[in-house]
Amino acid sequence: MKKTSLNDIAMRLGVSKTLVSLVLNGKGREHRISEEVCKKVLALAKELNYQPNQIAKGLRTGKTNTIGLIIADIANPFFGKLGREIEKEASKHGYRVMFCSSDENAENFRLQLEMLQQGQVDGLIISPPAGSEQQIKMLDRSKIPYVLIDRYFPEIDSNAIVIDNFQAAYNATKHLIEQGYQNIACITVNNTLNNMRQRLEGYKKALLDAKQNPDEHLIKIMPFSHEKDDFATAIKQLTISGEMKADAIFFTTSKVGIMGLESIHSLGLNIPDDVAVVSFDDPDAYRISNPPVTAVAQPLKEIGSQSVKVLMEWMNGKGKKKKPERIVLEAGLKIRKSSVRLFFS
């Protein structure tokens with residue numbers, strides 16, 4: 001179906017294309033176009049479902065009312081839900097969101113960033129992959145407003161909305177300790193990212209505070225590729241064939257957690273009788289699992305609203321009067337049957 005153009009509206013009404021453009025851009029009155037003509041133009045545009053070309057509009061006005069969002073991994077339920085919250089919040093301000101997923105790959109991220117900049121987005125919300133520091137520094141030089149979410153680079157002074165990953169992991173591990181578990185394992189991913197590193201550090205500190213020395217045999221750092229066989233091997237080593245048998249596992253992301261749960265079930269192990277489970281993030285699947293999974297629940301709505309709020313301030317010029325801010329939010333722990341021991345000595 002042919003998209004309605006300015007020319008289509010102009011020909012139907014017998015007026016110039018310029019007149020139609022002025023009216024649709026809210027400039028009819030200042031150019032002394034009669035109210036009657038303005039009403040006819042607006043009514044016909046609505047009838048024909050006219051949609052302006054945002055890129056062309058951006059070239060004329062320097063503004064497209066579009067935000068670029070680059071998330072780290074679209075296959076991770078956490079990022080899917082967070083993206084939806086950001087989109088809902090942006091729409092309240094009259095902005096559309098263009099989605100990209102870097103798949104935790106710095107080269108993909110670089111290409112997507114270039115594409116969004118060429119598309120004349122007004123600002124960016126970014127979950128940067130490891131190794132993308134140079135691209136973030138280049139963003140600073142380009143003066144395009146941006147906000148980092150979920151993770152940041154400590155050496156770069158940038159707007160960022162994150163959670164207290166250390167404390168969240170500490171609380172999750174402490175819960176397992178309080179339930180009487182003695183050999184608590186941790187399965188995580190690339191710890192070069194500051195959020196993953198903080199989660200691992202929180203896990204270790206909780207063990208140390210409970211006089212339990214972290215054992216490297218109980219820590220598995222998985223590749224971002226999330227290969228099914230790798231997880232099956234890791235779970236088997238931790239629960240059956242390894243040097244030390246884990247009685248509980250802390251997963252540092254929901255994607256890792258979901259694959260870990262699948263591997264636990266495939267080995268015929270029962271949760272929490274054979275091995276207890278706590279996972280970061282709280283996808284819907286955790287609430288309906290058998291048993292339901294204890295989870296670190298990040299405040300997705302608040303992350304979404306705060307990231308859009310800060311970005312709007314910088315796009316409107318208000319943020320430039322102050323230094324970039326790093327907002328740290330608290331995560332909650334949703335305790336469910338996967339980690340609860342009713343009786344223990």
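For the reader, a short list of remarks on this structure follows.
- Filter result for Gly123 (within 24 Å of Tyr95 (Cα to Cα) and within 19 Å of the chain's Cα centre (by Cα)): yes
- When residues in region 169-216 are screened for being without any contact (Cβ under 8 Å) to a residue 12 or more places away in the chain and either within 19 Å of Leu261 (Cβ to Cβ) or not assigned by TED's automatic domain parsing to the domain that holds Asp281 (or both), 0 of them pass.
- Remark: pairs (first residue in region 306-330, hydroxyl-bearing (Ser, Thr, Tyr); second residue modelled with pLDDT of 90 or more; Cβ separation under 7 Å; 6+ apart in sequence or on different chains) = Ser307/Ile86; Ser307/Ile125; Ser307/Val147; Ser307/Ile149; Ser307/Ile161.
- Condition check for Thr239: of a type in the set (Ser, Thr, Tyr) and in contact (Cβ under 8 Å) with a residue 24 or more places away in the chain: yes
- Test set (1) surrounded by fewer than 18 Cβ atoms within 10 Å (Cβ to Cβ); (2) part of a helix (DSSP H, G or I); (3) in contact (Cβ under 8 Å) with a residue 60 or more places away in the chain - Arg341 fails condition number: (2)
- When Ile163, Ile187 are checked against the criterion of being crowded, with 18+ Cβ neighbours inside 10 Å and either among the charged types (D, E, K, R) or over 21 Å from Val340 (Cα atoms) (or both), Ile163 stands alone in meeting it.
- The set of residues in region 160-194 that are modelled with pLDDT of 95 or more, among the polar types (S, T, N, Q) and under 25 Å from Lys309 (Cβ atoms) comprises Asn165, Gln167.
- Subset tally (residues that are free of Cβ contacts under 8 Å to residues at least 60 places away in the same chain and under 18 Å from the mean Cα position of the chain (by Cα)) for region 134-150: 2
- Taking residues in region 247-262 that are outside the structural domain of Tyr170 (by TED's automatic domain parsing), and partners anywhere that are crowded, with 24+ Cβ neighbours inside 10 Å and small (Gly, Ala, Ser), not one pair has Cβ atoms closer than 7 Å while being at least 6 places apart or on different chains.
- Those residues of region 6-53 which are assigned to a helix (DSSP H, G or I), modelled with pLDDT of 85 or more and among the hydroxyl-bearing types (Ser, Thr, Tyr), in sequence order: Thr18
- Close pairs from region 87-115: first outside the structural domain of Leu139 (by TED's automatic domain parsing), partner surrounded by fewer than 17 Cβ atoms within 10 Å (Cβ to Cβ) and of a type in the set (A, V, I, L, M, F, W, C), Cβ under 8 Å, at least 6 apart: none
- Qualifying residue in region 173-187 (condition: of a type outside the set (A, V, I, L, M, F, W, C), more than 30 Å from Gln212 (Cα to Cα), touching an Asp or Glu at 6+ places or on another chain (Cβ under 6 Å) and part of a loop (DSSP other than H, G, I, E, B)): no
- Filter result (part of a helix (DSSP H, G or I), closer than 20 Å to Pro283 by Cβ, touching a strand residue (DSSP E or B) at 6+ places or on another chain (Cβ under 6 Å) and among the hydrophobic types (A, V, I, L, M, F, W, C)) within region 199-257: Val256
The values are calculated or read from the model by the stated rules, or taken from the named source; none is laboratory data. Note that the structure is predicted; figures quoted are calculated from it, not measured. Note that each Cβ is placed from the backbone with ideal geometry, even for glycine, and that neighbours are counted across all protein chains shown.
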